[in-house]
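Presented below is the structure to which this report refers.
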Amino acid sequence: MADASGGLPDRVAWALEACRTLQRQCLQAVAAEARSDEFEQLLAAFERLLELMAALSPEYEHQGRVVLTRIQSQLPDLWPHVDRRLLWFFGGDCLHFLSDEEIDAFQAAEDQG
């Protein structure tokens, strides 16, 4: 089913909004004067992810994995606040951050839905 506002499938529209929220949390977590080159690269990767998702580019899945793994390594204090559903949504390397129980629950919900 498509999102009424932008023609995106509901699942992608939800993930896009969750990524925008996460991007705002990243910006709040690091004061402007304390931003490193590494953090600026993360912000650029985030911008790229949002563009790819809005365009439904097949590259968004890989870019999402890149962004989430960078958050995990660069902003460990923010990591517990990352929506676990984003890890499932992007899959791949992100699944390593989910417990077996979480994976089973996500798989069961997907199979039912």
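The values are calculated or read from the model by the stated rules, or taken from the named source; none is laboratory data. Since this is a predicted model, take the numbers as computed values, not measurements. Here the Cβ is made from the backbone with ideal geometry for all residues, glycine too, and neighbour counts use every protein chain on show.
Which pairs turn up if I take residues in region 14-33 that are buried (at least 16 other Cβ atoms within 10 Å of the Cβ) and look for partners that are aromatic (Phe, Trp, Tyr) and modelled with pLDDT of 95 or more with beta carbon separation below 6 Å, at least 6 apart in sequence or on another chain?
Pairs that qualify, where the first residue is buried (at least 16 other Cβ atoms within 10 Å of the Cβ) and the partner is aromatic (Phe, Trp, Tyr) and modelled with pLDDT of 95 or more, are 15/89; 23/46.
Report whether or not residue 109 is of a type in the set (A, V, I, L, M), more than 12 Å from the chain's Cα centre (by Cα), surrounded by 14 or more Cβ atoms within 10 Å (Cβ to Cβ) and in a helix (DSSP H, G or I). Don't jump to the end; show me each part of the working.
Numbers: of a type in the set (A, V, I, L, M): yes; more than 12 Å from the chain's Cα centre (by Cα): yes; surrounded by 14 or more Cβ atoms within 10 Å (Cβ to Cβ): no; in a helix (DSSP H, G or I): yes.
Taking the combined requirement at face value, the residue does not satisfy it.
How many residues, within region 49-78, are surrounded by 13 or more Cβ atoms within 10 Å (Cβ to Cβ) and assigned to a helix (DSSP H, G or I)?
Looking only at that region, the number is 20.
So how many residues does region 74-91 have that are at pLDDT 95 or above and of a type in the set (S, T, N, Q)?
So the count comes out to 0.
When you check residue 56 against the structure, is it on the phi > 0 side of the Ramachandran plot and of a type in the set (A, V, I, L, M), yes or no?
Yes.
Would you pick out the residues in region 79-99 that are surrounded by fewer than 11 Cβ atoms within 10 Å (Cβ to Cβ) and part of a helix (DSSP H, G or I)? Show your work before the answer.
We begin by selecting, within region 79-99, every residue surrounded by fewer than 11 Cβ atoms within 10 Å (Cβ to Cβ); these are 80, 96, 99.
Scanning region 79-99 gives 80, 96.
Name the residue, out of 40, 102, that is assigned to a helix (DSSP H, G or I), in contact (Cβ under 8 Å) with a residue 12 or more places away in the chain and over 13 Å from the mean Cα position of the chain (by Cα).
102
On the basis of being assigned to a helix (DSSP H, G or I), surrounded by 13 or more Cβ atoms within 10 Å (Cβ to Cβ), hydrophobic (A, V, I, L, M, F, W, C) and at pLDDT below 95, does residue 46 make the cut?
On the way: assigned to a helix (DSSP H, G or I): yes; surrounded by 13 or more Cβ atoms within 10 Å (Cβ to Cβ): yes; hydrophobic (A, V, I, L, M, F, W, C): yes; at pLDDT below 95: no.
In short, no.
Return the residue satisfying two criteria in turn: it lies in region 1-43 and is among the acidic types (Asp, Glu) and farther than 19 Å from residue 79 by Cα, and of such residues it is modelled with the highest pLDDT.
Here is the first cut: in region 1-43, the ones among the acidic types (Asp, Glu) are 3, 10, 17, 33, 37-38, 40.
This time we only want the ones that are farther than 19 Å from residue 79 by Cα, so: 3, 10, 33, 37.
Numbers: 3: 45, 10: 95, 33: 67, 37: 92.
Among residues in region 1-43 that are among the acidic types (Asp, Glu) and farther than 19 Å from residue 79 by Cα, the one modelled with the highest pLDDT is 10.
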